[in-house]
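To keep things clear, I will list the structure first and then write my remarks on it.
The values are calculated or read from the model by the stated rules, or taken from the named source; none is laboratory data. Not measured: the values here are computed from a predicted model. Note that each Cβ is placed from the backbone with ideal geometry, even for glycine, and that neighbours are counted across all protein chains shown.
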């Protein structure tokens, strides 16, 4: 029943945002933009995107190192399968699939693996926010932040600050729980206390397992390494956006494309039914239109870069790895739980060396 609610909530959000995306779009002109694009750039863009997944796998290797040393090339297929699951399951359930797949293959506790994915997502958000801050002074702003009456559009500024604060607060909370054993124990006892009596031991165990996955944050050296590896992950994705922008002859400077990369990816944090479809298109199109791109060109570009360049190829890659492991899509869809077996306590250890 819960999964059904998730599905319908995501579907409603997606349909509503797609309606907003297509509002006042000239479909004939949009089709013409798609026809006139230079598709010779498509394959290089996909290869660059697959390279970014390689850096994601390398970064995940270091996030997992305190649990088990898993070579990046073994993680690559797990990442691809996780992306496939995120693209076909509602409300980012693909993260559970990725943790489950890793746990089954490598013998790592699935709850702890899920925490490493949460750290990864927080770091992704912080990296994108940093890119916005770096690109901001070099953007051809004109009247982007002004309303039709000439006033500063405070809504967009407040929304941007709110999103940044959410990611900063989330990362700081993870860091504090990872580095403060007393705080970690207090959280475990608190959540166990408010749980049903029969579930309290399992809840406390689960909390410790989740906190165990944050172990990489106890090492300043690992934090620095993870931060450094996050740059090529996002920069390669921005390169994909830029290559497709060239194929559509958008004639926009790279800093604008960097902004589109950041805003559209941050928008996919909004729950949606399939792979961020809806939030991505609306935000990418709105960002492009703000910098002078026509609505039709922005719609064609947003659709192509998301669905054809990012969504479809990684799904094919994920299906390839599923076939190699003799798994099916229905098996992915049935992945709902994470392991709550007894913890191997590493919460409370000192910084890693």
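Key figures for this structure:
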item	result
Yes/no for residue 346 being at pLDDT below 90, out of contact with any strand residue (DSSP E or B) (no Cβ under 8 Å at 6 or more places or on another chain) and exposed (fewer than 15 other Cβ atoms within 10 Å of the Cβ)	no
Selection count, segment 154-213, where residues are modelled with pLDDT of 90 or more and outside any helix (DSSP H, G or I)	2
Residue identified as free of Cβ contacts under 8 Å to residues at least 12 places away in the same chain and in a helix (DSSP H, G or I) among 314, 289, 282	289
Check on residue 305, surrounded by fewer than 24 Cβ atoms within 10 Å (Cβ to Cβ) and either touching a helix residue (DSSP H, G or I) at 6+ places or on another chain (Cβ under 7 Å) or not in a helix (DSSP H, G or I) (or both)	no
Breaking point among (1) more than 21 Å from the chain's Cα centre (by Cα); (2) closer than 29 Å to residue 32 by Cβ, for residue 187	(2)
So residue 225, is it surrounded by fewer than 21 Cβ atoms within 10 Å (Cβ to Cβ) and either assigned to a helix (DSSP H, G or I) or on the phi > 0 side of the Ramachandran plot (or both)	yes
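So that you can scan it fast, the table gives a plain yes or no per residue for (1) in contact with a helix residue (DSSP H, G or I) (Cβ under 9 Å, 6 or more places away or on another chain); (2) surrounded by 14 or more Cβ atoms within 10 Å (Cβ to Cβ); (3) over 22 Å from residue 222 (Cβ atoms):
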{"position": "165", "(1), (2), (3)": "no, no, yes"}
{"position": "169", "(1), (2), (3)": "no, no, no"}
{"position": "176", "(1), (2), (3)": "yes, yes, no"}
{"position": "179", "(1), (2), (3)": "yes, yes, no"}
{"position": "185", "(1), (2), (3)": "yes, yes, yes"}
{"position": "188", "(1), (2), (3)": "yes, yes, yes"}
{"position": "197", "(1), (2), (3)": "no, no, yes"}
{"position": "204", "(1), (2), (3)": "yes, yes, yes"}
